[in-house]
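Engineer: Quick one: the structure is below, questions incoming.
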Amino acid sequence: MSLSRRRSFIAGTLIVALIGVIGSFAIAHALLYAAAPTRIEIEATPITSFDNREPTQVRFGTLEFRGGLVLRSANPAFGGLSGIHIESDGEHFLAITDKGSWLRGRIVYQDGKPIRIADAEMAPILGSDGRPLATRGWFDTESLAERDGVFYIGIERVEQIVRLNYRRDGFKARGEPIKVPADFKSFRYNKSLECLAAPPQGSPHAGELIVVTEHSLDADGNLRSFLLDGDRVTRFSVRRTDGFDVSDCTILPPNDLLLLERRFSLTRGGAMRIRRLPLASLKADALIDGRPIIEADLGYQIDNMEGIAVHRTAGGEITITLVSDDNFSFIQRNLLLQFAVVGE
């Protein structure tokens, strides 16, 4: 074989191999989102202690640990939990995965503690054309918020927010992109739309969407943040402290924003934190800070904590629910943790 033919053969072989790798990646990715609505079984292992070093401790600052679950499923689309909404009954929930799937189900309780998940279903999150968002590359669905029965999903990497009438259409709801500021395109790649919140009526900034970026920084090294209200955009910053980045947020009615934050460091390990910020402080060009209400390292039952929701129980107790993203990795876990707000 001549040198030129040998080079052509090698180049052709490399191209075929590359196509194979790309094809394998595409197939692997396709398996990570639900291609159609389907019932799934979720195995739930109860977590009875939050602090591995002090198993009997239940009080952590202003929070009291109510219980948790380690969640597993044989369905390949299950995992990557990145946002969650808990209904007012405290049982039914709607979650999203960071590969473009819906997950809904019901938390079953015993003596006020979560013990299992029932009636679990998954489905693809649809775009405006009725096709799964994941098929167009809009699969990095990271944040979830509800306002007046309508849900909003923040999609990282493409820096888009879609609006879905889930209450009316369920899994058939189509994601219609809303108008976002042009400077969304300047966010740091894969470090942006992790936090999306919608204050309810009666709260400061009701009717607006709050966006706090994961790690897209302003000139002073703080987190670029926005209030969106149609064509009106208010820009502010949230102070970044102690190496933490934002992974989600929600409203603690009536007047506070809760930021869920995480930190990964080779020297300090992993940690999660919840910070409480007054909604009234969110103003144009302001630098906002808030006090942590809990911080936990890997000595506690945490993982890559990515989703946060708040609901009020029938008895009036405010409950915070957290979920973690396992990144579809066998060395990480999908967790559901619940805490009651018991002090101020």
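Engineer: Assess whether residue 278 counts as being closer than 16 Å to residue 246 by Cβ and modelled with pLDDT of 95 or more.
Structural biologist: No; evaluated as a whole, the condition is false for this residue.
Engineer: Which numbered condition trips up residue 110, out of (1) out of contact with any His (no Cβ under 8 Å at 6 or more places or on another chain); (2) in contact (Cβ under 8 Å) with a residue 12 or more places away in the chain?
Structural biologist: The one condition residue 110 does not meet is (2).
Engineer: Do you know which of the residues in the range 330-344 that are in a loop (DSSP other than H, G, I, E, B) and closer than 21 Å to residue 261 by Cβ is modelled with the lowest pLDDT? First the steps, then the outcome.
Structural biologist: Narrowing the range 330-344 to residues in a loop (DSSP other than H, G, I, E, B): 330-333, 342-344.
Now narrow it down to the ones that are closer than 21 Å to residue 261 by Cβ: 332-333, 343-344.
On the way: 332: 96, 333: 97, 343: 79, 344: 65.
Top of the filtered list is 344.
Engineer: Among residues belonging to the range 114-134 that are surrounded by fewer than 16 Cβ atoms within 10 Å (Cβ to Cβ) and out of contact with any Phe, Trp or Tyr (no Cβ under 9 Å at 6 or more places or on another chain), point out the one that is nearest to residue 66 (Cα to Cα). Steps first, answer last, please.
Structural biologist: The initial filter retains those residues of the range 114-134 that are surrounded by fewer than 16 Cβ atoms within 10 Å (Cβ to Cβ), namely 115, 118-119, 121, 128-131.
After this cut, where a residue has to be out of contact with any Phe, Trp or Tyr (no Cβ under 9 Å at 6 or more places or on another chain) as well, the list is 118-119, 128-131.
Details: 118: 19, 119: 22, 128: 39, 129: 42, 130: 40, 131: 39 Å.
Ranking the candidates gives 118 first.
Engineer: I would also like to ask the following. Mind listing just one residue for me: the one in the range 112-139 that is at pLDDT below 95 and assigned to a loop (DSSP other than H, G, I, E, B) and, of those, nearest to residue 77 (Cα to Cα)?
Structural biologist: 139
Engineer: Please go through the range 239-281 and pick out each residue that is aromatic (Phe, Trp, Tyr) and in a strand (DSSP E or B).
Structural biologist: As a first pass, look at the range 239-281 and keep what is aromatic (Phe, Trp, Tyr): 244, 264.
Answer for the range 239-281, where residues must be aromatic (Phe, Trp, Tyr) and in a strand (DSSP E or B): just 264.
Engineer: Can residue 82 be described as of a type in the set (Gly, Ala, Ser), out of contact with any strand residue (DSSP E or B) (no Cβ under 7 Å at 6 or more places or on another chain) and either surrounded by 12 or more Cβ atoms within 10 Å (Cβ to Cβ) or free of Cβ contacts under 8 Å to residues at least 24 places away in the same chain (or both)? Write out each step before concluding.
Structural biologist: Working: of a type in the set (Gly, Ala, Ser): yes; out of contact with any strand residue (DSSP E or B) (no Cβ under 7 Å at 6 or more places or on another chain): no; either surrounded by 12 or more Cβ atoms within 10 Å (Cβ to Cβ) or free of Cβ contacts under 8 Å to residues at least 24 places away in the same chain (or both): yes.
Considered against the rule, which asks whether it is of a type in the set (Gly, Ala, Ser), out of contact with any strand residue (DSSP E or B) (no Cβ under 7 Å at 6 or more places or on another chain) and either surrounded by 12 or more Cβ atoms within 10 Å (Cβ to Cβ) or free of Cβ contacts under 8 Å to residues at least 24 places away in the same chain (or both), residue 82 comes out as no.
Engineer: Here's something else I'd like to know. Do you know which of the residues in the range 135-166 that are of a type in the set (Ser, Thr, Tyr) and crowded, with 24+ Cβ neighbours inside 10 Å is farthest from the chain's Cα centre (by Cα)? Write out each step before concluding.
Structural biologist: Taking the range 135-166 first, the residues of a type in the set (Ser, Thr, Tyr) are 135, 141, 143, 152, 166.
Narrowing further to those that are crowded, with 24+ Cβ neighbours inside 10 Å: 141, 143.
On the way: 141: 8, 143: 5 Å.
Per the criteria, the residue is 141.
Engineer: Is at least one residue of the range 193-202 among the polar types (S, T, N, Q), surrounded by fewer than 22 Cβ atoms within 10 Å (Cβ to Cβ), in a loop (DSSP other than H, G, I, E, B) and in contact with a Pro (Cβ under 8 Å, 6 or more places away or on another chain)? It would help to see each step written out before you state the result.
Structural biologist: Step one: list which residues in the range 193-202 are among the polar types (S, T, N, Q), which gives 201.
This time we only want the ones that are surrounded by fewer than 22 Cβ atoms within 10 Å (Cβ to Cβ), so: 201.
From the residues that got through so far, the ones that are in a loop (DSSP other than H, G, I, E, B) too are 201.
Now restrict to residues that are in contact with a Pro (Cβ under 8 Å, 6 or more places away or on another chain): none.
Within the range 193-202, not a single residue is among the polar types (S, T, N, Q), surrounded by fewer than 22 Cβ atoms within 10 Å (Cβ to Cβ), in a loop (DSSP other than H, G, I, E, B) and in contact with a Pro (Cβ under 8 Å, 6 or more places away or on another chain).
Engineer: Additional query: Cβ-Cβ under 6 Å, sequence separation 6+ or interchain: first residue in the range 40-59 and without any contact (Cβ under 8 Å) to a residue 12 or more places away in the chain, partner surrounded by 13 or more Cβ atoms within 10 Å (Cβ to Cβ) and in a loop (DSSP other than H, G, I, E, B). Which pairs?
Structural biologist: Between residues of the range 40-59 that are without any contact (Cβ under 8 Å) to a residue 12 or more places away in the chain and residues that are surrounded by 13 or more Cβ atoms within 10 Å (Cβ to Cβ) and in a loop (DSSP other than H, G, I, E, B), the close pairs are 55/49.
Engineer: Let me ask something else about it. Which of (1) surrounded by fewer than 17 Cβ atoms within 10 Å (Cβ to Cβ); (2) under 28 Å from residue 335 (Cβ atoms); (3) in contact (Cβ under 8 Å) with a residue 24 or more places away in the chain; (4) not acidic (Asp, Glu) does residue 172 not meet, given it meets every other one?
Structural biologist: (2)
Engineer: Right, next: Taking the options 95, 120, 134, 74, name whichever one is aliphatic (A, V, I, L, M) and farther than 22 Å from residue 42 by Cα.
Structural biologist: Values: 95 fails: farther than 22 Å from residue 42 by Cα; 120 fails: farther than 22 Å from residue 42 by Cα; 74 fails: farther than 22 Å from residue 42 by Cα.
The match here is 134.
Engineer: Scan the range 309-333 and report the pairs whose first residue is at negative phi and whose second residue is among the basic types (Lys, Arg), with Cβ atoms within less than 7 Å and a gap of 6+ or a chain change.
Structural biologist: 318/312; 319/66; 324/333; 326/333
Engineer: Here is a further query. Output the number of residues of the range 159-188 satisfying the condition of being among the aliphatic types (A, V, I, L, M) and farther than 20 Å from residue 249 by Cα.
Structural biologist: Taking the range 159-188 first, the residues among the aliphatic types (A, V, I, L, M) are 161-162, 164, 173, 178, 180, 182.
Okay, now just the ones that are also farther than 20 Å from residue 249 by Cα, so 173, 182.
Number of matching residues: 2.
Engineer: One residue is enough: does the range 307-318 have a residue meeting the conditions at pLDDT 95 or above, under 15 Å from residue 78 (Cβ atoms) and not aliphatic (A, V, I, L, M)? Break it down stepwise before answering.
Structural biologist: At the first step, the residues of the range 307-318 found to be at pLDDT 95 or above are 307-311, 318.
After this cut, where a residue has to be under 15 Å from residue 78 (Cβ atoms) as well, the list is 307.
Filter again for not aliphatic (A, V, I, L, M), leaving 307.
Within the range 307-318, one or more residues are at pLDDT 95 or above, under 15 Å from residue 78 (Cβ atoms) and not aliphatic (A, V, I, L, M).
Engineer: Please determine, by comparing only the residues of the range 303-335 that are under 25 Å from residue 253 (Cα atoms), over 13 Å from the mean Cα position of the chain (by Cα) and aliphatic (A, V, I, L, M), which one is surrounded by the fewest Cβ atoms within 10 Å (Cβ to Cβ). First the steps, then the outcome.
Structural biologist: Residues of the range 303-335 that are under 25 Å from residue 253 (Cα atoms), as a first pass: 305-324, 335.
Next cut, over 13 Å from the mean Cα position of the chain (by Cα) only: 310-320.
So of that shortlist, the ones also aliphatic (A, V, I, L, M) come out as 310, 314, 318, 320.
Details: 310: 17, 314: 8, 318: 15, 320: 23.
Looking at residues that are under 25 Å from residue 253 (Cα atoms), over 13 Å from the mean Cα position of the chain (by Cα) and aliphatic (A, V, I, L, M), I get 314.
Engineer: Condition check: touching a strand residue (DSSP E or B) at 6+ places or on another chain (Cβ under 8 Å), buried (at least 17 other Cβ atoms within 10 Å of the Cβ) and at pLDDT below 95. Does residue 95 satisfy that?
Structural biologist: On the way: touching a strand residue (DSSP E or B) at 6+ places or on another chain (Cβ under 8 Å): yes; buried (at least 17 other Cβ atoms within 10 Å of the Cβ): yes; at pLDDT below 95: no.
So residue 95 fails the test.
The values are calculated or read from the model by the stated rules, or taken from the named source; none is laboratory data. Predicted model only: the values in this text are computed from it and were never measured. A quick note on method: Cβ atoms are made from the backbone with ideal geometry, for glycine too, and the neighbour counts reach across all protein chains shown.
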